[in-house]
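Have a look at the structure below before the remarks.
Derivation of every value follows stated rules applied to the coordinates shown; laboratory data play no part. No experiment lies behind these values; they were computed from the predicted model shown. For neighbour counting, all protein chains shown are included, and Cβ atoms are generated from backbone atoms with ideal geometry for every residue, glycine included.
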């Protein structure tokens, strides 16, 4: 038996759309902007219900970020929506200058992140976005794991005062977190306690870590599983407490090894409690066209590779 069972499968972008639609009914200060991808971002329900609070920017992402920053001056809470590649790489200057440096209350919501964008290929599969955004002073970075958690995160960031990067994806993935959960920014979720190895995962890799735990348990390895949905600010206390117990760690993410969650964990450990660490991440490569499942396997971002990393890191203790 898995430690958590999936109730269904659904894309995390739909969780964003559902959360935004609820915010439209409960918070009149919430406005939404989209760069010609309303359907892909599941922003239709908000746009239809609140046409006076929805702004179609067209294929002009830099302008969209500037408009969003301006709207905050009037007390509004703007949620911008487009693909992760266009949400970060294309508009990094505007985010740095108009949002982060100016400390504007903009919520940068990014879909189709990582390899699981699939057949659209390397030009759209950004794997550097977490690194780009976490390096900006004052920027909060959130990467939820399933539909329910993405919906909860979307609603939670509306109450948070400050710039936020919210990352989610296109493929249908298992739903395993509670529908009524309270999302706490910066607070890790320890899914299962264990004594032999800590597995810290984020986004789509959280479910893969859960599957890996079952395989490891059959091999007699007791793994602790932590869902880091907030990459910045990092829940340092939870990570240090876990690694102090297990003595080693595996980090797993749908992102480049450089600049991602694994790097943040490594920096924390080397400054406080050095321990062996293995990384499940993309290793200095661009993506390519393929199905999400094919790409995750080829680039080593699945339960099988988490198991191998856990077995390896245990030998280094």
Query raised in the report: Here are some conditions: (1) in contact with a helix residue (DSSP H, G or I) (Cβ under 8 Å, 6 or more places away or on another chain); (2) at positive phi. Residue 186 meets all but one. Which one does it not meet?
Result: (1)
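Can you name the residue in segment 181-200 that is free of Cβ contacts under 8 Å to residues at least 60 places away in the same chain and outside any loop (DSSP other than H, G, I, E, B) and, of all such residues, is surrounded by the most Cβ atoms within 10 Å (Cβ to Cβ)? Reasoning before the result, please.
Of segment 181-200, the ones free of Cβ contacts under 8 Å to residues at least 60 places away in the same chain are 181-190, 193-195, 198.
After this cut, where a residue has to be outside any loop (DSSP other than H, G, I, E, B) as well, the list is 189-190, 198.
Working: 189: 19, 190: 15, 198: 30.
Only one residue fits best here, namely 198.
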**Report entry** Exclusive hit being touching a residue at least 12 places away in the same chain (Cβ under 8 Å) and either out of contact with any strand residue (DSSP E or B) (no Cβ under 9 Å at 6 or more places or on another chain) or within 20 Å of residue 113 (Cβ to Cβ) (or both), set 294, 256
**Finding:** 256
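Condition check ((1) without any contact (Cβ under 8 Å) to a residue 12 or more places away in the chain; (2) out of contact with any helix residue (DSSP H, G or I) (no Cβ under 7 Å at 6 or more places or on another chain); (3) under 15 Å from residue 155 (Cβ atoms); (4) surrounded by 24 or more Cβ atoms within 10 Å (Cβ to Cβ)) across all residues:
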site	(1), (2), (3), (4)
21	no, no, yes, no
33	no, no, no, yes
52	yes, yes, no, no
59	no, yes, no, no
65	no, no, no, yes
82	no, no, no, yes
Query raised in the report: Could you list, in sequence order, the residues of segment 275-287 that are exposed (fewer than 15 other Cβ atoms within 10 Å of the Cβ) and either without any contact (Cβ under 8 Å) to a residue 12 or more places away in the chain or out of contact with any strand residue (DSSP E or B) (no Cβ under 9 Å at 6 or more places or on another chain) (or both)?
Result: 286
Report task. Evaluate the following for residue 149: is it under 26 Å from residue 284 (Cα atoms), in contact (Cβ under 8 Å) with a residue 40 or more places away in the chain and out of contact with any strand residue (DSSP E or B) (no Cβ under 7 Å at 6 or more places or on another chain)? Result -> no
Report task. Sort out for me the strands (runs of 3 or more DSSP E) sitting completely within segment 96-180 that have 1 or more residues that are buried (at least 24 other Cβ atoms within 10 Å of the Cβ) and within 12 Å of the chain's Cα centre (by Cα). Result -> 107-111, 140-142, 164-167
